[in-house]
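Here's the structure we're looking at; comments come further down.
The values are calculated or read from the model by the stated rules, or taken from the named source; none is laboratory data. Keep in mind the model is a prediction, meaning the values are calculated, not measured. All Cβ positions, even for glycine, are placed from backbone atoms using ideal geometry, and neighbour counts span all protein chains on display.
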Amino acid sequence: MNNIEIYVDGSAINNENPNVQSLGGVGVCVRLHDPTHNSVEGYSETVRKDASIPELDLGKITNNTTELAAIYLALEYVIVNHDTIRKLYGDDTAFKIYGDSQYAGNLVFGSWKPKQNKQLVAEVKDLAKKVDFVTWEYVKAHDGNVYNEYADYLAKSGAYNRTPLPFDEWKTTEF
């Protein structure tokens, strides 16, 4: 079986300071691998109060809302690329999203009920229902998983509105 691993992370700089607008970013690291091939793609988005992901209203930019947005973008990636990936890797290809936010993962894929961000959670859950073959797994943050660390780097790059390095370049300079 071939696996598509998607690592997600959200970042909200100035999240704790009510006097400064938060800088939000989302990172999605896609690892496509089978026994003979391995490649990593990275996607970074900048999210701001007035210039967010067009189809998704994050409301206040927080760590929680950017984590939810990261899952949303990962699900969009699967929807857009599903047929192509299955043609290249086979019909038994497994898609799994890994994230370091138990909050976001359990709201979207588990049984937790939102107390805040209800509309955002509903939108992400609705998208997840369209790709019910995607699974979720929690991964501990900053614990040496190179793909999760890259997703973190991508999210921070988005928050600071910087163009991120490709994975192979980042890995040799950052990790």
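Worth pointing out:
- Odd one out for Thr65, checked against (1) in contact with a Phe, Trp or Tyr (Cβ under 9 Å, 6 or more places away or on another chain); (2) touching a residue at least 24 places away in the same chain (Cβ under 8 Å); (3) surrounded by 14 or more Cβ atoms within 10 Å (Cβ to Cβ): (1)
- For region 39-52, the candidate set comprises residues that are at pLDDT below 85 and more than 22 Å from Ile85 (Cβ to Cβ); within that set, the residue that is surrounded by the most Cβ atoms within 10 Å (Cβ to Cβ) is Val47.
- If you check Lys118, Lys113, Lys129, Lys125 for being within 17 Å of the chain's Cα centre (by Cα), among the charged types (D, E, K, R) and either loosely packed, with under 12 Cβ neighbours inside 10 Å or farther than 26 Å from Tyr150 by Cα (or both), only one passes: Lys129.
- Criterion (part of a helix (DSSP H, G or I), among the hydroxyl-bearing types (Ser, Thr, Tyr) and touching a residue at least 12 places away in the same chain (Cβ under 8 Å)) met by exactly one of Tyr43, Tyr72, Tyr98: Tyr72
- Filter pass, Val134 being crowded, with 16+ Cβ neighbours inside 10 Å and more than 17 Å from Ile4 (Cβ to Cβ): no
- Residues located in region 67-113, provided they are among the acidic types (Asp, Glu) and in contact with a helix residue (DSSP H, G or I) (Cβ under 8 Å, 6 or more places away or on another chain): Glu67, Glu76, Asp100
- Taken residue by residue, region 85-93 has no member that is of a type outside the set (D, E, K, R) and within 19 Å of Val26 (Cα to Cα).
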